[in-house]
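This report concerns only the one structure given below.
The values are calculated or read from the model by the stated rules, or taken from the named source; none is laboratory data. What you are looking at is a predicted structure, and each value in this text was computed from that prediction instead of being measured. Cβ: placed from backbone, ideal geometry, glycine included. Neighbour counts: every protein chain shown. Calculation scope for accessible area: heavy atoms of the full protein, side chains included, ligands and nucleic acids excluded. Shrake-Rupley method; radii C 1.70, N 1.55, O 1.52, S 1.80 Å.
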Amino acid sequence: MHFHQILLFIIHKISGQRSENAPFYLLKGKKSGQTIQDVTYFQLHAFFSILPQLSKVDYDAAITELYKGNFIELKESTVHITDKGMNAITQQKKVLLNGWQYRGKEHVFWKRLDLAVQTLSQFHANNKKFVPNQKDIATQQFVKDYLIEHNFRQFNLSNEMKRELHLLLENHSLNDLHRTLFVYRLSGFNTIGLTWEQLARYHQLSELDAKIFFLECLHTMLDNISRETSPLLFSLAKNIRIETPLTDSAFRTNSLFEKGYSLEQIANLRKLKINTIEDHVIEIVSTNKNFPISTFITKEQVGEILHLSSELQTKKLTEIKNRLPEVSYFQVRLALTRSEQLNE
């Protein structure tokens, strides 16, 4: 997918419900209650935190371009998709991103793989002195331990790793562009991986689009790595997938809930505002279908909120709250989050 296509898809999902900046926070992986909540509300897990380095300048330029092209409309502080924008979405291919599960850690996997491939290539060329592509100490130490553990001096690690990579790159979801970008980013003996600028220029893409295609390739590969079919890469991908998708702060709040503490008690213990603890609850509900919400809201209230949301065709908290003054904003958020989370 291209960047503009991703923006259109997200805007289609939130059309008329959120401001034009909502996709920006989602793409960057902002850990606010609203953004985490929107991931579940609008089923946007694939795109969460896929572009943590995205600049506001680049984002605003893309929004302006979509607006001038009549793909979107901006009115009453919200962004709307037009018929032209909807037609563009119907032409899109399958989404190959899995941002919710990786949240930027796919780049840690890439650094390990890149350095492992470079080291093995240099070793087989009998070149023991080379400048490593990856400079951070954590990556270098991980790869060093990995190569020693797999006895790279005797075991034919290079051929086995190449076989595993070929198998993953042959995935029918990937196209030649995905494969080319992946391979030409790698470095080896007498071979330097191409820069994003070089790759983008050659393939007539923006650098941002080139990075997104590359990200699709990484996510697809990581989704299909298993201990059985690709044991070497499985070891290289250690701790890359997010097994506990809660932020650290929400995790601590959840631990206190499990010990029986109330919202107010947790806020006092953690010296945080009650609104912050409520944000944590929304985040927890988004990731745990079994989290009991009956402590905070009755089944009847959930039913009223969901019925009104369906009737008004909106997930705007204010519109729902104004029609149901007896419930709190927190309860509205809870009901909407639990409904969408169970419908995943």
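Count Lys and Arg as plus one, Asp and Glu as minus one, and take only other residues whose Cβ is under 15 Å from that of Phe9; the net charge is then +1. With loop membership from DSSP and a limit of 14 other Cβ atoms within 10 Å, the longest segment of the chain without chymotrypsin sites (Phe, Trp or Tyr not before Pro) is 190-344. Summing charges over neighbours of Glu264, with a neighbour being any other residue whose Cβ is under 14 Å away from its Cβ, gives +2 when K and R count +1 and D and E count -1.
Can you run phi through the Karplus equation (6.51, -1.76, 1.60; θ = phi - 60°) for the range 179-196 and list ³J(HN,Hα) in whole Hz, with x for Gly and Pro? Per residue, the Karplus-derived 3J(HN,Hα) values read 5, 5, 4, 5, 5, 7, 7, 6, 10, x, 5, 6, 9, 10, x, 6, 7, 4 Hz. Look at the alpha carbon pairs under 8 Å that are at least 6 residues apart: their mean separation over the length of the range 213-344 gives a relative contact order of 20 percent. Within the range 36-110, the proportion of C-alpha pairs whose separation exceeds 17 Å stands at 62%. Across the chain, Cα-Cα distances exceeding 32 Å account for 42% of all pairs. Protein heavy-atom accessible surface, 1.4 Å probe, per residue over the chain: 52 Å². For the range 144-215, GluC sites (Glu not before Pro) meeting the loop criterion (DSSP other than H, G, I, E, B) and having at most 11 other Cβ atoms within 10 Å: Glu170. All other residues whose Cβ lies under 13 angstrom from that of Arg201 are scored, Lys and Arg at +1 and Asp and Glu at -1, for a net of -3. Helix 329-342 and the longest principal axis of the Cα set of the chain meet at an angle near 50°. Kindly express, to the nearest 10 degrees and within the range 0 to 90, the angle between helix 106-124's C-alpha long axis and the longest C-alpha principal axis of the chain. So the helix axis and the longest Cα principal axis differ by about 0 degrees. Loop-located trypsin sites (Lys or Arg not before Pro) in the range 164-270 (DSSP state other than H, G, I, E, B) with a sparse environment of at most 10 neighbouring Cβ atoms within 10 Å: Arg227, Lys259. Dividing the Cα radius of gyration of the range 98-228 by its Kirkwood radius returns 0.95 for Rg/Rh. Close amide H partners of Gln17, meaning residues 5 or more places away or on another chain with modelled amide H under 5 Å apart, are Val79.
Relative contact order for the chain: 19 percent, from Cα pairs under 8 Å spaced at least 6 residues apart, divided by residue count. For the range 174-229, the Cα-based Rg and Dmax, in that order, read 12.4, 38 Å. May I ask you to give the percent of accessible area on the chain that is carbon plus sulfur, with a probe radius of 1.4 Å? With neighbouring chains kept in place, the figure for the chain is 50 percent. Relative contact order for the range 5-95: 38 percent, from Cα pairs under 8 Å spaced at least 6 residues apart, divided by residue count.
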